[in-house]
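The numbers here are math on the coordinates, done by the rules we state, and not lab data. Model, not experiment: these values are computed from the prediction. Positions of Cβ are generated from backbone atoms using ideal geometry, with glycine treated the same way; all protein chains shown enter the neighbour counts.
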Ligand code: SF4
Ligand code: SF4
Ligand code: FES
């Protein structure tokens, strides 16, 4: 008879849980779920070696174990600290932890730009959510923020290094999902930056697009979707296709408005981690509804504005226009985009000082 595995009894914020030896405090908290789960900006359960960089997951170990009940002298990174039998941990019940997390957020934001209104990650950004919960409205930083030029690293990916928090997730993704990683963290300390050697392109592998999904901020964005729409205006739907790449699961989320597909991403769980990685063909090249079998609305399980963007209780309207117009589709009858040009502003909205208004657009045939 197989010997029964001894489980460790742990308490997190006074909630007991039994876990296997070797489990980290963070994963033990995830087994409880809810508010006791510490935030994690660099740990990613699907990427080996991740974690231990950002310090957002700090917790207090108030009792080390049954055998040695002394508390740990400092706060510890819960993604890298394994549980002991009888351990007691405080997360949201410890004012010390909340204060330290506030400090970590302040550090993460030291050089971060105030880009949220124009950032494609807004609405699904871990840093935005973290700042909302733990940040302060001002900064004590008096020095010039470090800035970088935006870089196209390949045909499909834009790197905006100024927004990077150096979590290393994209580096682990390239290392573990592709067989020729071409980017990494160059430099040390304040000079560290994500970059490619001699501006190499990240196009030579079919899985590199996953760096966009694992990036917790808007540092790596999808060039085929950038600035096309705000994420909260889009409706996520689960879709699948029979992908010819044996390593791709073909199960994705399509971010749609009407029947237009604005972007394709992997499916993410409640911790913002992808359930299974997808290939670049599915992500960047399949943007037509006929490429996909749509399974139904995607429930976004995170505390964020995007979880509001659902198709709820949809009843498809009965289409009558085509019936009375000899089978012609309403879209063909009413599409004015190509003639009016009103929808093609030629000014850069981010360069206008103050709110944009109708006079900022050039005149088109007498129409402003
Ligand atoms: S990365 Fe997140 S916090 Fe930073 S500008 Fe973009 S949305 Fe805002
Ligand atoms: S680019 Fe994104 S994923 Fe890569 S290290 Fe920076 S924040 Fe992390
Ligand atoms: S998630 Fe633990 S240190 Fe970043």
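Note on the stretch 190-285: Kirkwood hydrodynamic radius from all Cα pairs is 14.5 Å, rounded to one decimal. Each of 188, 263 was scored by other Cβ atoms within 10 Å of its Cβ. Arranged with the fewest first, they read 188, 263. In a fully extended conformation the segment linking residue 139 and residue 18 would gain 39.4 nm over its present Cα-Cα distance, using 0.36 nm per residue.
Simple spin-label estimate for residue 307 and residue 82 gives 3.3 nm between the two label positions (7 Å along the Cα-to-Cβ direction from each Cα).
Once you have the Cα-Cα distance between residue 288 and residue 190, take 0.36 nm times their residue separation minus that, and quote the gain in nm to one decimal.
30.9 nm
Put in order of Cβ neighbour count within 10 Å, fewest first, the listed residues 132, 271, 43 become 132, 271, 43. Mind giving me the FRET efficiency for residue 295 and residue 325? R0 is 30 Å, r the Cβ-Cβ distance, nearest 0.05 is fine. With R0 = 30 Å, the Cβ-Cβ based efficiency is 0.40.
Using R0 = 25 Å, the C-beta based FRET efficiency linking residue 146 and residue 232 works out to 0.25.
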